[in-house]
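Single-structure report; data block below.
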Amino acid sequence: MPHSETRRTFLTHSTAAGVALGLAGSSSAGAAAMTHFICVTCGTQFAASAKEPEACPICRDERQYVGHGGQTWTTLDAYRKTHTNVFAEEEADLHSILPQPKAGIGQRAFVVRTRDGNVLWDCVPPLDAATVAAVKKLGGLAAVAVSHPHYYTTMVEWTHAFGKVPVHIHKNDAQWVMRPDDSVQFWDGETKSLFGGLTLVKTGGHFDGFQVLHWPAGAAGKGVLLSGDQPYVCQDRGWVSFMYSYPNLIPLGPAAIKRVVKSLKPFAFDRLYGAFPGQVVKADAKGVVERSADRYLRMIGGG
Ligand SMILES: [Zn+2]
Ligand SMILES: [Zn+2]
């Protein structure tokens, strides 16, 4: 995307300027403080800059939208004054983290615990000392993985708070990382095994590098899929759906939907958790995904 390429070049320049500024001492007369600005609408944090970025490429993309009042920015410090992250145990070894009030798109993140270490799945913009303490109480983090750019948010802040553990992102979505960092590791191919039996599966669809997390020990050993936005848990939680854009109601085509289903075929899962509070398919989730794909394909004449 030409726009985001331009953006990244500018940000790299800003980061370099930030380092130079730090070495020179930011208290020198006329030096502007460097800030990691956060887009209010999607919660994405950007590389440090002296001024607010001119636009958010993630919101300008046709899958998102610029806030109705125009582009606005905030910071992590501002969130610390207004937001709290609320933890909830969804099932054994799975804890959700939901900012109150809503931050960014309104999603939750999860801490998935395994005998070999924990993963932060997806991410939320606010991060404060109480959150770090609560995650440490759960055993800390060994890795971070985020389904797609809508939830990248402050993932670099999170990994910095936990010893700079790797952040696993599929390389097809590299262009959407607005705050480059050494901890962000791009993987290639169809699946990536982590520790504790966890696997990242690239499904494509909503984003080219869209990934889900398979947790075989979840649901008492029947398997859990953490899906972010895709498959998307419907209001009738016996069904899921698939969209190119959820806020703008742009459907996915038949080839993409078939690819999502095919990529999940090798994995057993009985339960599925989506990004938003209450989004859970409690049982027979794999059957739900397959039946939902069939229904969708019938409706768009692509079956
Ligand atoms: Zn944005
Ligand atoms: Zn999304």
Which of the residues that make up region 126-168 are assigned to a loop (DSSP other than H, G, I, E, B), farther than 23 Å from Tyr65 by Cα, in contact with a Leu (Cβ under 9 Å, 6 or more places away or on another chain) and of a type in the set (Gly, Ala, Ser)? Ala142, Gly163
Could you check region 234-271 and list, in sequence order, the residues that are outside any helix (DSSP H, G or I) and β-branched (Val, Ile, Thr)? Val240, Ile250
Taking the condition of a type in the set (Asp, Glu) and more than 22 Å from Ile97 (Cβ to Cβ), does Asp229 pass? no
Members of region 99-144 that are out of contact with any helix residue (DSSP H, G or I) (no Cβ under 9 Å at 6 or more places or on another chain) and under 18 Å from Leu272 (Cβ atoms): Arg108, Phe110, Val112, Val119, Trp121
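Mind checking which residues of region 92-104 are part of a loop (DSSP other than H, G, I, E, B) and closer than 15 Å to Ser227 by Cα? Let's see the steps before the verdict.
Here is the first cut: in region 92-104, the ones part of a loop (DSSP other than H, G, I, E, B) are 92-93, 101-104.
Matches in region 92-104: none.
Results for (1) of a type outside the set (D, E, K, R); (2) in contact (Cβ under 8 Å) with a residue 24 or more places away in the chain, shown as yes or no for each residue.
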{"position": "Ser96", "(1), (2)": "yes, yes"}
{"position": "Pro101", "(1), (2)": "yes, no"}
{"position": "Arg108", "(1), (2)": "no, yes"}
{"position": "Leu120", "(1), (2)": "yes, yes"}
{"position": "Val124", "(1), (2)": "yes, yes"}
{"position": "Trp158", "(1), (2)": "yes, yes"}
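Conditions tested, residue by residue: (1) touching a strand residue (DSSP E or B) at 6+ places or on another chain (Cβ under 6 Å); (2) surrounded by fewer than 18 Cβ atoms within 10 Å (Cβ to Cβ); (3) without any contact (Cβ under 8 Å) to a residue 40 or more places away in the chain.
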residue: Phe210; (1), (2), (3): no, no, no
residue: Trp215; (1), (2), (3): yes, no, no
residue: Ala219; (1), (2), (3): yes, no, no
residue: Ser227; (1), (2), (3): yes, no, no
residue: Gln230; (1), (2), (3): no, no, no
residue: Asp236; (1), (2), (3): no, yes, yes
residue: Val240; (1), (2), (3): yes, no, no
residue: Pro247; (1), (2), (3): no, yes, no
Please verify whether region 105-125 includes one or more residues that are among the small types (Gly, Ala, Ser), within 16 Å of ligand 2 (Cβ to nearest atom) and either in a loop (DSSP other than H, G, I, E, B) or over 27 Å from Asn172 (Cα atoms) (or both). yes
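Readers should treat all values here as calculations from the given coordinates under stated rules, not as data from a laboratory. Remember, it's a predicted structure, so these values are computed and weren't measured experimentally. Neighbour counts run over all protein chains shown; Cβ positions are idealised from the backbone, glycine included.
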